[in-house]
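Participant: Could you have a look at this structure, given as structure tokens, before my questions?
The values are calculated or read from the model by the stated rules, or taken from the named source; none is laboratory data. Please read these numbers as outputs of a predicted model, since none were measured by experiment. Note: ideal-geometry Cβ built from the backbone for every residue, glycine included; neighbour counts use all protein chains shown.
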Amino acid sequence: MSEVYNFSAGPAMLPKAVMEKAQHEFLNWRDTGCSVMEVSHRGDDFRTIASKAEQDLRDLLAVPSNYKVLFTHGGGRGQFAAVPLNISAPDDTSLHLVTGSWSKGAVSEAGKYNTAKVIGETVLKDGLQFVEQPQLSGDQLNAAYLHFCPNETVDGIAYDWLPEAGNVPLVADMSSTIMSQPIDVSQYGIIYAGAQKNIGSAGLSVVIVRDDLLGKARQETPSIFDYQKLAETDSMYNTPPTFSWYLSGLVFEWLKEQGGLQAVAANNTEKADLLYAAIDNSDFYQSRVHPDNRSKMNVPFQLHDDSLDTRFLEQAHAAGLVALKGHRFVGGMRASIYNAMPIEGVVALVEFMQEFERVNG
Ligand code: PMP
């Protein structure tokens, strides 16, 4: 089979070298005669994998020592509930910056547990989707936390500034941007992410939480979502998603081999610039997102003539460029170009787009 480039938004492609290593070790992990899937999470073998993965993540993101890293269940949506249960009381207010589908989903879930207030939404600027920085005032500065999603997977909207919120803890859903560039973890109260884009396979969520936010969970919080319990037990309060944790460890090793997040970020910028330039330099394709807020991970684009969408997708698929259909909320196409997507994949997509325009334009 010729090369296939998978532009899925998640579960997304993983680095080939990681998949090959996992395949090689699949039946016999380091001469134990067992698969890593078959060993106890409490045994020394798995604990070695688990703590190495955590340390590598800490190194890559330069996580300060006053933060715990939790490897847990429930995906991104699990954290939509876990965050309010852990750090708000029923009569507290949580603030939300709503910039797309996922941050909107977080508001609905938080609203079950506290008073969830939207403090900013995406606006149109020059006809394009744009995110304004929120200004907090008065009582808002006493909120339990401010939740935002710096990379909206569905909408392809991103921003790299942080909301200014005084002492209100910032909670970031980084499901589709974590590990794609260096960040200053000390600016956040909580960072969380589902693994299935830039970390590993589905089933695992990573939570990075500042120590002072631990131990505040409501009494009714399910124990598997209680950050304090997870921290006390090294995320082994119950059986964690062991294979996914192992795979994330291989991804972190691979990221270190790439030169760390600085190097990875440079690659990601190069890939995104290439794709956006192809969109901008054509009258055939368009982006509806303001240049200041374009995601480097998820690139939605539309054909001006949407009657050609099906033909575009079919021919792209036949050319080995798969999973380009845009989310049903947005339509058109979406190319997700996470860390694992090689530049060759983006070059192949751009060449396909140009040829498709030549024939159909
Ligand atoms: N947040 C973001 C930014 C996402 O992209 C997703 C999934 N695509 C979610 C939350 C929900 O994640 P999960 O399906 O793991 O619950």
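Participant: Being closer than 26 Å to P64 by Cβ and surrounded by 23 or more Cβ atoms within 10 Å (Cβ to Cβ) is true for just one of Y227, Y237, Y188. Which residue is that?
Facilitator: Going through Y227, Y237, Y188 in turn, the sole match is Y227.
Participant: Hey, can you tell me all the residues within the range 143-183 that are in contact (Cβ under 8 Å) with a residue 60 or more places away in the chain, within 27 Å of M333 (Cα to Cα) and surrounded by fewer than 24 Cβ atoms within 10 Å (Cβ to Cβ)?
Facilitator: Within the range 143-183, V154, Y159, Q181 qualify.
Participant: Does at least one position in the range 213-222 carry a residue that is polar (S, T, N, Q), in contact with a Leu (Cβ under 9 Å, 6 or more places away or on another chain) and within 13 Å of the ligand (Cβ to nearest atom)? Even if it seems obvious, please write down each step before you answer.
Facilitator: So the first thing to find is which residues in the range 213-222 are polar (S, T, N, Q), and the list is 219, 221.
When the remaining residues are screened for being in contact with a Leu (Cβ under 9 Å, 6 or more places away or on another chain), the result is 221.
Checking the rest, the ones that are also within 13 Å of the ligand (Cβ to nearest atom) come to none.
Taking every residue of the range 213-222 in turn, none turns out to be polar (S, T, N, Q), in contact with a Leu (Cβ under 9 Å, 6 or more places away or on another chain) and within 13 Å of the ligand (Cβ to nearest atom).
Participant: Is it fair to say I49 is in contact with a Gly (Cβ under 7 Å, 6 or more places away or on another chain) and among the β-branched types (V, I, T)?
Facilitator: Working: in contact with a Gly (Cβ under 7 Å, 6 or more places away or on another chain): yes; among the β-branched types (V, I, T): yes.
For I49, the condition - in contact with a Gly (Cβ under 7 Å, 6 or more places away or on another chain) and among the β-branched types (V, I, T) - is met.
Participant: Of all residues being under 14 Å from F243 (Cα atoms) and polar (S, T, N, Q) in the range 14-32, which is surrounded by the most Cβ atoms within 10 Å (Cβ to Cβ)? Just the residue, please.
Facilitator: It comes out as N28.
Participant: Moving to a separate point now. Do we find that G332 is modelled with pLDDT of 95 or more, surrounded by 19 or more Cβ atoms within 10 Å (Cβ to Cβ) and on the phi > 0 side of the Ramachandran plot in this structure?
Facilitator: So G332 fits the description; yes.
Participant: Same structure again: Quick one: in the range 168-186, of everything that is hydrophobic (A, V, I, L, M, F, W, C) and more than 15 Å from N339 (Cα to Cα), which residue is farthest from the ligand (Cβ to nearest atom)?
Facilitator: For the range 168-186, the residue satisfying everything is V168.
Participant: Taking into account only those residues within the range 1-12 that are at pLDDT 95 or above and either assigned by TED's automatic domain parsing to the domain that holds G75 or more than 16 Å from the ligand (Cβ to nearest atom) (or both), which is surrounded by the most Cβ atoms within 10 Å (Cβ to Cβ)?
Facilitator: Looking at the filtered set, the residue picked out is Y5.
Participant: Among the residues of the range 72-106, how many are part of a helix (DSSP H, G or I), within 16 Å of the ligand (Cβ to nearest atom) and in contact (Cβ under 8 Å) with a residue 12 or more places away in the chain?
Facilitator: Final tally of qualifying residues: 16.
Participant: Any idea which of K16, K68 is at pLDDT 95 or above and either over 28 Å from S295 (Cβ atoms) or of a type in the set (G, A, S) (or both)?
Facilitator: Numbers: K16 fails: either over 28 Å from S295 (Cβ atoms) or of a type in the set (G, A, S) (or both).
Going through K16, K68 in turn, the sole match is K68.
Participant: Within the range 45-77, can you find the residues that are crowded, with 18+ Cβ neighbours inside 10 Å and among the polar types (S, T, N, Q)?
Facilitator: T72
Participant: Considering each residue of the range 33-44, count those that are surrounded by 18 or more Cβ atoms within 10 Å (Cβ to Cβ) and either within 16 Å of the ligand (Cβ to nearest atom) or of a type in the set (D, E) (or both), and give that number.
Facilitator: The number of residues fulfilling the criteria is 0.
Participant: Go through the range 147-167 and give me each residue that's more than 16 Å from the ligand (Cβ to nearest atom) and within 18 Å of the chain's Cα centre (by Cα). Don't jump to the end; show me each part of the working.
Facilitator: We begin by selecting, within the range 147-167, every residue more than 16 Å from the ligand (Cβ to nearest atom); these are 161-167.
Across the range 147-167, the qualifying residues are W161, L162.
Participant: Of the residues in the range 317-361, how many are among the β-branched types (V, I, T) and in contact with a Leu (Cβ under 9 Å, 6 or more places away or on another chain)?
Facilitator: 5
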